[in-house]
Each structure stands twice: as C-alpha cells, then as structure tokens.
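Have a look at the structure below before the remarks.
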Amino acid sequence: MKKTMSQTLLTLILNGISILSLIFMTLCLYSYRNVNTKLNQANAERFDLTYNANRFMNGSSYLTNEVRAFASTGRQEHFDNYWNEVNTLQNRDKGVAAMQAIGITAAEQKMIDDMYALSNQLVPLEDEAMKNVQDGKRAAAIEYVYGEAYNASIAQINTLKEQFLATLEKRTSEQINNLEQASNQIRIRMILALVLVEIMLLFNILLVRLKVLRPVMTIKKQMAEISQGNLSAEFALTPDTSEIGSLVASIHETKRELKKYISDIDTTLTQMAHGNMDQTTGNDYRGEFLPIQRALGQILDSLNSALSQINQTSERVSGESDRMSTSAQSLADGATEQAAAVEELSASILEISKQVNSTSEDANNANKASEEAMTHLMLCNEKMEALRVAIEDISNSSRQIGGITKTIQDISLQTNILALNASVEAARAGEAGKGFAVVAGEVQSLANKSSESAKNISELIEKSIKQVQSGAALSVETMNALTQVISSGEQSAAMIGRIASFATQEAESLEQVTEGMNQISDVVQTNAATAEDSASSAQKLRRSAEELRIAVSKFQLR
C-alpha cells in the first residue's frame with residue numbers, strides 16, 4: 001500500500017499553523033491596544049505638558065505685562081491683576097506642579113528652575129516699579145520695567161522658554177513617534193498573521209477539496225453502485241495509508257468479500273436447484289454475514305432431513321395405502337353384510353313393536369280397572385271410619401251408664417244405712433216404733449234389691465263395655481287392614497300406571513329404534529359405498545406415494 005501523509009495530520013498541521021497565527025494575531029491585538037493606550041496617554045501628556053508650560057510662561061508674561069501696564073497707565077486694576085495672579089491664580093506654580101505630576105526630565109526641571117530664578121530676580125524690580133507708580137514716580141517705574149536689566153532678564157527668560165518648549169516638544173514627539181512606529185509594526189505583524197491564516201485556510205480548502213471531497217464523491221458514487229447491487233463497477237481510487245486511502249481499501253475489501261459470499265451462495269443454491277443437497281457452506285464468513293452462513297447450513301440440514309423424512313414417509317405411505325386398500329375392500333364387504341343383517345333386524349324390531357303396542361293397550365285397561373277398584377276401596381274406608389266413630393260413641397255411652405250404675409249402688413248403700421238407722425231408732429221407740437220398724441225393714445229390703453239389681457246391671461254394662469271395646473278394637477284392626485289394602489291398591493295402581501307408561505314409552509322407543517335402524521341401514525349402505533371409494537382412493541394414494549418416492553430419490557442427500 002502506497003505511503004502518504006494522512007489527511008488528518010495534514011489538516012492538523014494547517015489548522016495548527018492557523019491557530020498559532022490567530023494566537024499571534026491576538027497577542028498583537030493585545031499589544032496594539034496597549035501601544036494605542038500608551039500613545040493616547042502620551043498625546044494627552046504632551047497636550048497637558050504643553051498647556052501647563054504655556055500656563056507657566058503665560059503667567060510670567062502676564063505679570064510682566066501687568067507691571068508695565070501699571071507703570072504706563074497707573075491704573076489700579078493692573079496692580080490688582082498682578083497681585084491676583086501672584087497670590088490667587090498662581091498659574092506659574094500650578095503649571096509647574098502639573099508638569100511635575102505628569103513627569104519631566106531633570107534637564108527640563110533645571111530649565112524651569114533657571115526661569116524661576118530669573119523671574120525671582122525681576123520681582124524686586126517689579127515691586128520697586130509699582131511703589132514708584134504709587135509714589136507718583138511713573139517715569140522711574142517705566143525706567144525699571146523697560147530698562148536694560150529688566151529687558152535682559154526678560155530676554156533670558158524667553159530664551160529659556162523657547163528652549164524648554166523645544167526640549168519638551170522634542171521629547172514628547174520622540175515618545176509619540178516611537179509609539180506610533182511600534183503601533184505600525186504591530187499592525188504589519190497582524191496583517192502578516194492574517195495573511196498567513198488566509199493562506200492556511202486556502203491550503204486547507206484546497207486540501208479538503210482535492211484530498212477529501214473529490215475522493216468522497218467518488219466513494220459516494222461507488223457506494224451507490226454497491227447499494228444497487230453492482231459490485232463490478234469501476235473504482236479508480238487506489239488505497240494508501242491516509243484515512244481516505246484506508247476507506248478505499250475497505251471498499252475494495254468489502255467488494256471482494258461480497259463477491260466471494262455471493263459466489264459461494266450462488267454455487268450452493270445452484271447445486272441445490274439441481275438436486276444436490278450433499279454440500280456445505282464456506283467457513284470464512286465474517287461479521288454480519290455469519291447468520292447467512294448459519295442460515296444456509298440450517299437450510300441444507302433442514303432440506304436433507306425433510307427430504308429424507310419425505311422419502312421414508314412415502315415408502316411408509318405406499319405400504320400403508322396397500323393395507324388401507326385391502327382393509328377398505330374388506331370394510332366394503334362387511335358393510336354389505338351389515339346392511340342385510342340390519343334389514344332383518346329392522347323387520348324383527350317391527351314385529352316386537354306391534355306386540356309392545358298390544359301390551360300397552362292391555363296395561364292401559366288394567367290401569368283403568370285398578371282405578372275403579374281404588375274408588376270402591378275408598379268408599380269402604382269411609383264407611384269403616386263411620387263405624388269406628390259409632391262404636392266409640394257406644395263405648396262412651398256405656399261408660400256413662402257405668403257411672404249411673406255406680407250412683408245407684410251408692411244410693412242403695414245409703415238407703416240400706418238409713419234403713420239400719422231407722423230400725424235402730426224403731427227399736428229404741430218400742431211399741432211406738434214397730435210400724436216404723438216394718439217400714440225400715442221394707443226400705444232395707446228394697447235397698448238390698450236395688451243394690452243387687454245395680455250390681456247385675458253393672459255386670460251387664462261391664463260385659464257390654466268389654467264387647468263394645470272388643471268391637472272397637474276389631475273395627476280399628478279392620479280399618480287398619482283396609483288402609484293397608486288401600487295403600488297396596490294405590491301402589492298396585494301406581495305400578496300398573498307406570499307399567500302402562502313404560503309400555504307406552506317402550507312402544508315409542510321401539511318406533512325410534514325402528515327409525516334408527518332405518519338410518520343405520522342407510523348409513524351402512526353409505527359406508528359400503530364410502531369403503532369402496534376409500535379402496536379406490538387408497539390405490540391412487542399408493543400410486544402417488546410411489547411417484548413421490550421416485551421424485552425424492554432424484555435428490556442427492558447426505
């Protein structure tokens with residue numbers, strides 16, 4: 001495989017140079033901002049220094065002008081302006097203080113000190129001139145402020161002013177020029193860095209277009225051909241060690257593998273189409289194609305197993321169809337014999353049905369007779385019940401008569417006791433009581449007869465009660481026996497009714513049996529026809545099984 005620099009490394013280098021250039025440009029921007037800040041500050045300081053230097057110099061000139069104006073005019077306002085400047089405004093001092101705060105050099109400070117010294121030398125002259133003006137000596141005052149000494153000092157001060165301003169201007173200008181040159185250099189470096197970034201971006205764009213986009217478009221077209229199933233389409237890209245080259249190598253490898261798999265599958269399926277099942281799939285399938293290999297193997301195994309089973313089954317079906325044909329023929333013969341037997345049985349059942357119908361009519365007649373007998377027995381039962389009630393009434397009356405007899409015996413006993421008491425009293429009375437004694441004897445005799453008669457009546461009543469009780473018991477037994485007879489009669493009537501019902505049901509069942517036998521006869525005849533058809537179908541099935549066995553034998557199995 002051809003060695004070449006990877007697109008990633010080349011892109012990384014270009015991007016790295018671009019990033020470093022951007023970082024450098026960022027630093028330049030930061031430096032440019034600082035330089036501009038310093039430049040603005042230098043311009044501001046230059047302005048402030050110039051302003052305060054002029055303020056210092058203008059303050060000195062102002063004092064000179066006010067002294068000369070006061071000497072020339074004698075006007076008080078000039079005098080006041082002078083001292084206002086010296087005592088209140090103090091422009092000279094404030095200007096110097098401001099310049100010192102901003103920053104001045106030692107040489108500049110020496111110039112200021114020299115100017116201060118010269119100015120201080122003029123102060124006595126100015127004081128003297130103002131005193132002369134106040135004293136009315138204006139000519140002397142004018143001599144002082146316009147004299148040679150004063151003018152010489154003023155000239156020296158002006159010379160120092162010019163030197164100071166020139167020095168200050170030169171220094172600040174040089175500082176500003178240096179900062180401007182530094183700013184220009186930073187701008188140039190920024191432009192160069194920006195140009196470098198643009199060049200790197202251009203190279204990056206060309207790299208992406210030539211080394212990435214163009215091969216990617218070719219790969220896209222090739223992948224479209226592969227997605228359409230065209231593995232023989234021309235693919236002009238050659239593999240190398242770059243990322244795109246590795247992708248190209250992967251596509252070439254993919255096409256080779258797919259062609260190999262397709263060739264293997266095509267060969268296997270072609271052999272299967274020609275009946276050759278005794279084969280195996282390749283063992284070099286990889287990745288997601290392993291399920292296809294396993295599926296082909298399973299298909300071959302399943303087809304070999306299924307065809308083997310079909311072959312064996314066809315042989316068994318052939319043998320079973322022969323036996324089925326024989327059995328079906330035997331079934332047809334047996335069905336014909338069953339049809340004849342069913343017809344004879346149907347005739348016998350028809351005769352039995354007639355006899356059962358006759359028995360059913362006799363049972364119905366017996367049922368009617370038993371119902372009439374039950375009606376008479378119920379009447380006898382009612383009469384016996386009335387007889388039992390009458391015997392109970394007689395028994396109750398006999399008991400009442402027994403009570404009356406008891407009462408009579410009690411009365412007879414009491415009468416006998418009264419007769420004895422009357423005899424005792426008659427004996428006590430003597431002759432006077434003889435007649436009463438006879439009466440008492442008769443009464444006692446009557447009481448004894450009454451007692452005896454009551455006793456006899458009581459015996460007769462007791463016999464009658466015993467006989468009545470015996471009759472009542474006999475009537476109860478007779479009634480119980482009659483009840484049993486009635487119960488038995490009811491059971492007999494019920495049994496006769498059930499027999500009549502059963503006979504009727506049997507007659508109906510025999511009719512259903514007769515209909516069923518007719519249906520069985522039809523079914524048996526149908527079965528006979530079906531058995532013949534089954535025999536014919538079994539013969540056809542045997543021939544089909546033989547054809548299936550011959551067809552399966554054409555496959556070459558493992």
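How many residues does the stretch 252-274 contain that are closer than 15 Å to Lys220 by Cα and buried (at least 17 other Cβ atoms within 10 Å of the Cβ)? Number satisfying all stated conditions: 1. Would you say Ser246 is surrounded by 13 or more Cβ atoms within 10 Å (Cβ to Cβ) and small (Gly, Ala, Ser)? So Ser246 fits the description; yes.
The set of residues in the stretch 459-471 that are at pLDDT 70 or above and among the small types (Gly, Ala, Ser) contains only Ser470.
List, please: which pairs have Cβ atoms under 7 Å, are six or more places apart or on different chains, and start with a residue in the stretch 266-285 that is closer than 18 Å to Ser553 by Cα and end with one that is modelled with pLDDT of 80 or more and open to solvent by 80 Å² or more (accessible area, probe 1.4 Å)? Matching pairs, first to second residue: none at all. The condition (being aliphatic (A, V, I, L, M) and surrounded by fewer than 13 Cβ atoms within 10 Å (Cβ to Cβ)) is satisfied by just one residue among Ala129, Ala139, Ala98: Ala139. Taking the stretch 480-496 as the range and being at pLDDT 70 or above and either touching an Asp or Glu at 6+ places or on another chain (Cβ under 6 Å) or closer than 17 Å to Glu361 by Cα (or both) as the test, the residues that pass are Ala494, Met495. Phe203 meets each of the listed conditions (1) assigned to a helix (DSSP H, G or I); (2) open to solvent by less than 90 Å² (accessible area, probe 1.4 Å); (3) in contact with a Leu (Cβ under 8 Å, 6 or more places away or on another chain) apart from (2).
Applying the set (1) more than 28 Å from Gly16 (Cβ to Cβ); (2) part of a loop (DSSP other than H, G, I, E, B); (3) in contact with a helix residue (DSSP H, G or I) (Cβ under 8 Å, 6 or more places away or on another chain) to Gly229 leaves exactly one unmet item: (3).
Listed by first and then second residue, the pairs linking a residue in the stretch 122-150 that is within 14 Å of Tyr82 (Cα to Cα) and without any contact (Cβ under 8 Å) to a residue 24 or more places away in the chain to a residue that is hydroxyl-bearing (Ser, Thr, Tyr) and open to solvent by 70 Å² or more (accessible area, probe 1.4 Å), with Cβ atoms under 8 Å apart and 6 or more places separating them unless they lie on different chains, are Glu128/Tyr144. Of the candidates Ala69, Ala53, Ala98, the single residue that is over 30 Å from Tyr144 (Cβ atoms), in a helix (DSSP H, G or I) and either out of contact with any Ser or Thr (no Cβ under 9 Å at 6 or more places or on another chain) or not β-branched (Val, Ile, Thr) (or both) is Ala98.
The values are calculated or read from the model by the stated rules, or taken from the named source; none is laboratory data. Just so we're clear, the structure is a prediction, and the values are computed from it rather than from any experiment. Cβ coordinates were reconstructed from backbone atoms using ideal geometry, including for glycine residues, and neighbour counts include every protein chain displayed. The protein model used for the area step is the full one, side chains on, heavy atoms only, and it has no ligands, DNA or RNA in it. Shrake-Rupley method; radii C 1.70, N 1.55, O 1.52, S 1.80 Å.
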